[in-house]
Amino acid sequence: MFTRREILKVFGMAAGFSFLKPLSTAADLPERPAVDYPLSTIFRSVNGSPSENIGKVIDLLGGIEAIVDKSDVVVIKPNVQWWNQGAPNLSAVHKFVDLIMDRPGGFDGEVVIAENCHRGNQPWNYAGWQYTFKRNASIPGVTNFNDLAATLKKLYGDRYSTVHWINVQAGAKRVYSPKNGFGYVYCDGTNGTDRLVFGNGIQGDGFRETIMTYPIFGTDRGTTIDYKYGIWQDGNYDNKRLKFINFAALNHHSTYCGMTSLIKNYLGVSDLSGGPDPFDDGKLTDQYYNFHSFPFNKWAPGPQPGMIGAEIGVFFEAIRRPDLNIVTAEWIGLADRIKPPVARTRAVLASTDPVALDFHSAKYLLHPNSRIPFHDPESPDSPTYQYIKACADQGGGEFDERRVNMVSYDHRVKGLQTDEEAAVFAEKEWGAHVRTIGKYLLMRYGSFLL
């Protein structure tokens, strides 16, 4: 419970700082440059319901049959470490699964929702699996990902599975191939594994190395999936039928990371055994840091900017690149992943290019509404810029938006938007969380206090 004095203090801060520099207006909204040599495309739908928006985005992509074949095994990876705006919209996820199952021409494959939310050996009891959503539910009787999973299971039987990837430190098995069963592969070159090592390039005490890790897991139908090499059957791999969908939310993350969305969602694919702090274990093995302790000093910037993006760019190239990336930006968190302030941007976006889509989401949705410098993908001082650019530099996707087309549908006008309409300036809900509002104001206007 907050005191009256705290409430008055925050609103006093808001009034004072707003006098110095107002929140975003239409004149502040960013513009898209002319596209001279397109290499990627962003598909968007705005101002519909989450279900309508994702349905339209898939239509713009050519229909679900252009993405998923009749007998594919489709692995959908949401970020469920949080809830409310911190997780993808439940209605959008449900609709996407429905589209696959009802695919024109039929569908006799499988759909899997898989995630590692790094919550011990029973993750289904925590985070977005268990906690009630106040935002981003949109389905009567479905208030979290456990509810959604149960609903999909009832509808689709063994064509649908929920898989919880679990860190080796929390009880999963370290494996080297499907012959060893289910668990995580560490790509350190031992027992026949690939040696896939990435270093931060620093000389001296700040030097760190990480390795690629990935899961091997099974479905309710008995299918074995090796995340890197594909479906394992009768001693052979079938990589063609495995499709991976990177399905993220869009939010503020931290002062040391800036934005969280598609690229950062890959921390829920890798094993984070050892914990987030490089000074308190943080190691997968004696030599190699995990994907969180490698780029950061726990909850602070690490020795080399952008390394979270760089390591994931290497992962895309060496392990598996997403077949499609989807962002459900019905609600976006301006200073927190579960509490207001939030903006209701009413958008769903998709692209085969995670770098281009993260850049676009930051520039045209998050930053125009937050006006927080950490979210600016065009400022070299912003951690958002640093890690998206580093991911692009490792082959993760296209950073230069002069190489990126936009196809965007607006349900309000029932037609396509122009490039001049790329920015979404949304209504805000500020809530009554005094400390979170104070945190937002400090990040937004903190330079005036120096």
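What to note about this one:
- Ordering Ser138, Ser71, Ser161 by the number of other Cβ atoms within 10 Å of each residue's own Cβ, fewest first, gives Ser71, Ser138, Ser161.
- Nearby aspartates and glutamates by direct alpha-carbon distance to Lys179 (threshold 17 angstrom, same-chain neighbours under 8 apart not counted): Asp194, Asp226, Asp234, Asp238
- Cα centre as origin, Lys/Arg/Asp/Glu Cβ charges: the chain dipole, Debye: 1320
- Anchor Lys298: lysines whose Cα lies under 17 Å away (excluding residues fewer than 8 positions away in-chain): Lys264, Lys283
- Short-range pairs are left out: with C-alpha atoms under 8 Å and at least six residues apart, the relative contact order of the chain is 21 percent.
- Percent of C-alpha pairs per 5 Å bin in the range 107-201, short distances first: 2, 11, 15, 16, 17, 14, 10, 8, 4, 1, 0.
- Taken as entire DSSP H runs, the helices of the chain that both span 20 Å or more between Cα atoms along their own long axis and average -1.0 or more on the Kyte-Doolittle scale are 4-20.
- Kirkwood Rh (inverse of mean 1/r, distinct Cα pairs), the chain, angstrom: 22.3
- GluC sites (Glu not before Pro) within the range 383-450, DSSP loop, no more than 15 other Cβ atoms inside 10 Å: Glu427
- For the chain, built as a Gaussian network whose Cα springs stay under 10 Å, the top-fluctuating residue of Val413, Val97, Val197: Val413
- Considering only alpha-carbon pairs that sit under 8 angstrom and 6 or more positions apart, the relative contact order computed for the range 120-251 is 15 percent.
- Charge dipole of the chain about the Cα centre (unit charges at C-beta), most positive-ward option of Val434, Asn121, Leu148: Val434
- Considering only the chain, percent of DSSP beta bridges that pair antiparallel, nearest 5: 55
- The range 27-146: C-alpha gyration tensor shape, a/c 1.5 cut-off, then a/b vs b/c: oblate
- Across all Cα pairs in the range 251-400, the calculated P(r) in 5 Å bins from zero up to the longest distance comes to 2, 10, 19, 23, 21, 15, 7, 2, 0, 0 percent per bin.
- One Cα centroid belongs to the range 82-114, the other to the range 260-318; the line between them spans 28 Å.
- Of all the options Val35, Val112, Val73, the one that moves most in a Gaussian network model of the chain with Cα springs shorter than 10 angstrom is Val35.
- Each peptide in 198-206, 264-272, 143-151, 78-86 gets a packing score, the mean of other Cβ atoms within 10 Å over its residues, and the list from highest to lowest is 78-86, 264-272, 143-151, 198-206.
- Given Lys70/Lys95; Lys56/Lys339; Lys77/Lys240; Lys134/Lys414, the pairs whose alpha carbons are separated by over 21 Å: Lys56/Lys339; Lys134/Lys414
- Cβ-Cβ FRET estimate between Asp381 and Asp234, R0 fixed at 41 Å, reported to 0.05: 0.15
Read-outs: derived from the displayed coordinates by stated rules, not from any lab. Every value quoted in this text rests on a predicted model; they were computed, and no experiment measured them. Virtual Cβ from ideal backbone geometry, glycine too; neighbours counted across all protein chains shown.
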